[in-house]
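Enquirer: Right, I'll just put the structure down here and ask away after.
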Amino acid sequence: MIETERLILKPLTHNQLLKYIKDDHSLEKEFDLLPTKKNISPSLHDALEETILPNVFDTDKDYLYHTLWTIISKPDHRMVGDICFVGEPDPNGEIEIGYGTYEEFRGKGFMTEAVGRIIEWAKEQPKVKSIFAATTKDNVASYSILEKNNFIHIGEVDDMLSWKIELK
């Protein structure tokens, strides 16, 4: 678990991920939070079933790089979004992040703050040297978060933009 002034970023265990997928507010009950409408996208649901859950269950893997980290707003006492790494650092020390803010909490700076804090956490990890992210060209909100956190636009393919920040 890592924190900012307003946020708690909590990596979910395998059992907590199962509650997250159920979306029956049992995860919020476990954390003593108010219920939140999550809207799990089909692509996130598939990633959870096919990749995230099996990798988190695999004790040979560092689950912090495979699980969802829920983002909790301390003042709201609610989950406001998720952030994750797309696997452990590659041989060059690069990791990829993905994130999403729940609709009713967008535009409040939560994700900019969460990405900034996850960057600080990543800097402390000996094997991590850089972070990569991808956004669609039309997702201005998403790439604004990256720009505010000093990511550099490094390329584009079709409708996707690539972003990177060097840590070491």
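The values are calculated or read from the model by the stated rules, or taken from the named source; none is laboratory data. A quick note: this is a predicted structure, and the numbers were derived from the prediction, not measured. Using ideal geometry, Cβ is built from the backbone for each residue, glycine included, and neighbour counts are taken over all protein chains shown. Each accessible area value is taken on the protein alone, full model and side chains, heavy atoms only, with ligands, DNA and RNA left out. Shrake-Rupley method; radii C 1.70, N 1.55, O 1.52, S 1.80 Å.
Enquirer: Net charge near His14, counting Lys/Arg +1 and Asp/Glu -1 over other residues with Cβ under 12 Å of its Cβ? Spell out each step's value before the answer.
Expert: Working: positive: Lys19, Lys61; negative: Asp58.
Residues close to His14 contribute a combined charge of +1.
Enquirer: Taking R0 as 30 Å, what's the FRET efficiency between Lys61 and Ile40 from their Cβ-Cβ distance, rounded to 0.05? Intermediate results must be reported in sequence, preceding the final value.
Expert: Details: r = 23 Å, r/R0 = 0.75.
Given R0 = 30 Å and the Cβ-Cβ separation, E is 0.85.
Enquirer: Under the definition of Cα pairs under 8 Å and six or more residues apart, what whole-number percent is the relative contact order of the chain?
Expert: Values: 272 pairs, mean separation 29.8, N = 168.
Computed over the chain, the figure is 18 percent.
Enquirer: How charged is the neighbourhood of Ile118? Take every other residue with its Cβ under 13 Å from the Cβ of Ile118, and add Lys/Arg as +1 and Asp/Glu as -1. Walk me through the numbers on the way to the answer.
Expert: On the way: positive: Lys10, Arg117, Lys123; negative: Glu3, Asp82, Glu96, Glu113, Glu120, Glu124.
Local net charge: -3.
Enquirer: So what is log10(I(q)/I(0)) for the stretch 2-166 at q = 0.12, 0.14, 0.16, 0.21 1/Å, when the Debye sum runs over its Cα atoms only?
Expert: -0.52, -0.72, -0.96, -1.62
Enquirer: What do you reckon, how do Met79, Met1, Met160 stack up by accessible area (1.4 Å probe), largest on top? Write out the running numbers ahead of the final one.
Expert: Details: Met79 0, Met1 125, Met160 70 Å².
Solvent-accessible surface, decreasing: Met1, Met160, Met79.
Enquirer: Next question, about the same structure. Between Ser26 and Asn139, what is the label-point separation in nm under the 7 Å Cα-to-beta-carbon projection?
Expert: Here the answer is 2.9 nm between the modelled labels.
Enquirer: Assuming 0.36 nm per residue, please report the length gained on full extension of the stretch Asp76 to Glu147 beyond their Cα-Cα distance. Provide the component values of the computation, followed by the final result.
Expert: Values: separation 71, 0.36 × 71 = 25.56 nm, distance 2.61 nm.
My answer for the length gained is 23.0 nm.
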